[in-house]
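Worksheet for the structure shown next.
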């Protein structure tokens, strides 16, 4: 820019005057300013609330999942295909006293062996009557220790005990879903269901399990009963016998190191031991999906807020044309006009960001308090939120402020 | 010795582009010296407003030369034109152009916002100049609560607060009743007596008659009226 040839100092708009004029511009129409801000308040509020609620909810999910996963050790049998007679399933590699052997390891709360019963046995409410039976119910074999390790929520009756296991009794423990489908609702008259047309007394019904959720749509018979009636489990990787160990918190790693030797000191390699996974991986998987979805929603809210500010600022520019002309007549340069309107929209965005952040934080705290959760607010997402409002205000104000700066003072003054 | 010229126009003209182009102001020469009270009269569409906008540096001429206080305005960048406009020209508009949400004092002080004047001094200067125009008791009043005459006097105070070389008045009594118009014209007389240079653009012969010197404009042609010299068309 060429040097001024005037003896007068150039007109200027200092920062203090700029802020004062912008604030005056905002305050002269408080209702409109509040409505302008509302878009940003909602956008930033949704942004903070979504992030906070996602973090809070995933904290709950993560805490529960992590606790279960951190206390679970799984042991897979590696049966030799040639160990049994040709054409038959090989015998399971777990010793008969596997529950006791695993249960004696320090830190184990419950342990046992289970598998999916081979051959797709037919479950029905009545003996062979020509009907196809109830489909979709898995039949599992489990030792008493394995059932305890699954930690079922028993709503009626009891679970198989050592006596039923030792004597291979024809009893069954039904999941609530299986009981409903088989027409069993009460146990006081000792109902029976039929598996491959043989009766099994229903000894209990469970509504939930902490481990092995696949059994939630299944029925469980004692392992000895299953071995006697259905033979050895399949050698297929997902149907072979599995050891399930519930440990105390923090003991799973140590238990995993010892369990194979405890089961078969002579052949520990006969088992593949799965220690608990990284406790963070599951939480990350669950939360990343939720966060991505909700962030997209928050971004839409922000966009709506930005469009709201841009629209209202543009309307304000059009309405204040006379003022722009007057300011130009009083010596304001185009950049002064642009700066004033840009500052107004930026201040509105910042205020909207601050209010929205407060609203979002309050929402997270309120929901957490109502659900009895621990509120989780990540500083990296919450603290910069008002600055997002500033950025939104700044960007939204760009076009209107340029439009204001380009306003022809002649037309502006005639408009009055 | 005559006073130095505040305004010197040499062949100043303004043609608006279009099909066909419209010449709103034919090349005109005019000298207005310090302390003069000049009226420009003419019917609607004669080019009065074009002349006012050129004199007020709100518009740029398409030909000729305009010197304000000896400064050739044709060579100035927007920054310097804004500076010159803000510091050396005071505007009084027909429709006042007061900000409705600001008090009389704040409206007057607005004229110094762009001139590096601290807020306390702005407020002080605003009150002082409002006192000069007889509105010491209305400094805190909002324009909506004031009469037309009071509003125009606030506008005059705003035009005066930077002690400009030139007061440019565009139909200053156009929105006033006769008694308020008389009060405003009396104000102009007083300012003239105090040495201010006034250029009043009006279509009202009674308003024009108050000026010591009159020029007329018709169809974009500027001509000296019967009372004085100094115009060469």
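The values are calculated or read from the model by the stated rules, or taken from the named source; none is laboratory data. Since this is a predicted model, take the numbers as computed values, not measurements. Cβ placement follows ideal geometry from the backbone for every residue including glycine, while neighbour counts extend to all protein chains displayed.
The figures follow:
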| read-out | value |
| --- | --- |
| Strands (runs of 3 or more DSSP E) enclosed by the range B:1-48 - at least 1 residues per element that are over 18 Å from the mean Cα position of the chain (by Cα) and free of Cβ contacts under 8 Å to residues at least 24 places away in the same chain | B:5-16, B:22-33 |
| Flag for residue B:171 being more than 28 Å from residue B:211 (Cβ to Cβ) and within 13 Å of chain A (Cβ to nearest Cβ) | no |
| Entirely in the range B:85-204, the helices (runs of 4 or more DSSP H) that have 3 or more residues that are modelled with pLDDT of 90 or more and under 26 Å from residue B:73 (Cβ atoms) | B:148-160, B:178-193 |
| Matching residues in the range B:66-83 - criterion: being in contact with a strand residue (DSSP E or B) (Cβ under 7 Å, 6 or more places away or on another chain) and either farther than 18 Å from residue A:332 by Cβ or buried (at least 22 other Cβ atoms within 10 Å of the Cβ) (or both) | B:66, B:67, B:68, B:69, B:72, B:74 |
| Top-ranked residue of the range A:106-119 - restricted to ones that are in contact with a strand residue (DSSP E or B) (Cβ under 8 Å, 6 or more places away or on another chain) and assigned to a loop (DSSP other than H, G, I, E, B), ranked as surrounded by the fewest Cβ atoms within 10 Å (Cβ to Cβ) | A:107 |
| Elements of type helices (runs of 4 or more DSSP H) contained in the range A:345-416, each with 2 or more residues being buried (at least 22 other Cβ atoms within 10 Å of the Cβ) and away from chain B (no Cβ under 14 Å) | A:385-405 |
| Of all residues in the range B:51-60 being in contact with a helix residue (DSSP H, G or I) (Cβ under 8 Å, 6 or more places away or on another chain) and surrounded by 21 or more Cβ atoms within 10 Å (Cβ to Cβ), the one that is farthest from the other protein chains (Cβ to nearest Cβ) | B:57 |
| Some residue of the range B:102-110 being touching a helix residue (DSSP H, G or I) at 6+ places or on another chain (Cβ under 8 Å), in contact (Cβ under 8 Å) with a residue 40 or more places away in the chain, under 20 Å from residue B:175 (Cβ atoms) and surrounded by fewer than 21 Cβ atoms within 10 Å (Cβ to Cβ) | yes |
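Yes/no matrix, rows are residues, columns are (1) closer than 20 Å to residue A:107 by Cβ; (2) crowded, with 16+ Cβ neighbours inside 10 Å:
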{"site": "A:214", "(1), (2)": "no, no"}
{"site": "A:221", "(1), (2)": "no, yes"}
{"site": "A:230", "(1), (2)": "no, yes"}
{"site": "A:245", "(1), (2)": "yes, yes"}
{"site": "A:253", "(1), (2)": "yes, no"}
{"site": "A:257", "(1), (2)": "yes, no"}
